[in-house]
């Protein structure tokens, strides 16, 4: 089969570091296993973010309405409010996948060992989007990002990059 002649080379996808973020989590709330999987809320208790041109706090009240499938894959559904160092509010949403192979599941499930687990032992990727009415940050409204997540003591952390 030959390639479709409409396919063109548009170049490689490039990224630029936007910020690192740590989200402190409240105790999880489990909704149990329903018709599409096991639903768990990981509520945001606060946190911080900082990068070359963007920094501030993660406000309490958001969270991840995660869905665990029968294969152990976690599907993320996250909504957070970020407050920049100069007081602007950013609405941050992202989906993603966290896949933990069977060999790492015991360590990740253990509250004492989970944050010490090598992030290379699992696949944790996100696709952040932003919404704001704050003029200095309006450029974020048209920006697509990608993130890599990992466990930290008391929460979760992400390295977020802007897709250029």
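The values are calculated or read from the model by the stated rules, or taken from the named source; none is laboratory data. Here the structure is a predicted model, which is why all the values come from computation and not from measurement. Every residue, glycine as well, gets a Cβ built from its backbone with ideal geometry; the counts of neighbours run over all protein chains shown.
Can you spot a residue in the range 106-118 that is touching a strand residue (DSSP E or B) at 6+ places or on another chain (Cβ under 6 Å), outside any loop (DSSP other than H, G, I, E, B) and modelled with pLDDT under 95? There is at least one residue in the range 106-118 that is touching a strand residue (DSSP E or B) at 6+ places or on another chain (Cβ under 6 Å), outside any loop (DSSP other than H, G, I, E, B) and modelled with pLDDT under 95.
Can you spot a residue in the range 97-105 that is exposed (fewer than 13 other Cβ atoms within 10 Å of the Cβ), touching a helix residue (DSSP H, G or I) at 6+ places or on another chain (Cβ under 8 Å), part of a helix (DSSP H, G or I) and modelled with pLDDT under 95?
Yes, the conditions are met somewhere in the range 97-105.
Every test in (1) assigned to a strand (DSSP E or B); (2) closer than 24 Å to residue 121 by Cα; (3) more than 14 Å from the chain's Cα centre (by Cα) is passed by residue 30 save one, and that test is (2).
What's the total number of residues in the range 128-142 that are assigned to a loop (DSSP other than H, G, I, E, B) and crowded, with 16+ Cβ neighbours inside 10 Å?
Residues meeting the conditions: 2.
Answer yes or no as to whether residue 69 is surrounded by fewer than 18 Cβ atoms within 10 Å (Cβ to Cβ), touching a strand residue (DSSP E or B) at 6+ places or on another chain (Cβ under 6 Å), more than 18 Å from residue 25 (Cβ to Cβ) and modelled with pLDDT under 95. Spelling it out, residue 69 is indeed surrounded by fewer than 18 Cβ atoms within 10 Å (Cβ to Cβ), touching a strand residue (DSSP E or B) at 6+ places or on another chain (Cβ under 6 Å), more than 18 Å from residue 25 (Cβ to Cβ) and modelled with pLDDT under 95. Summed over the range 33-51, residues that are modelled with pLDDT under 95, outside any strand (DSSP E or B) and in contact with a strand residue (DSSP E or B) (Cβ under 9 Å, 6 or more places away or on another chain) total 1.
Considering the range 73-95, the residues that are out of contact with any helix residue (DSSP H, G or I) (no Cβ under 7 Å at 6 or more places or on another chain) and in a loop (DSSP other than H, G, I, E, B) include one that is surrounded by the fewest Cβ atoms within 10 Å (Cβ to Cβ), namely 87.
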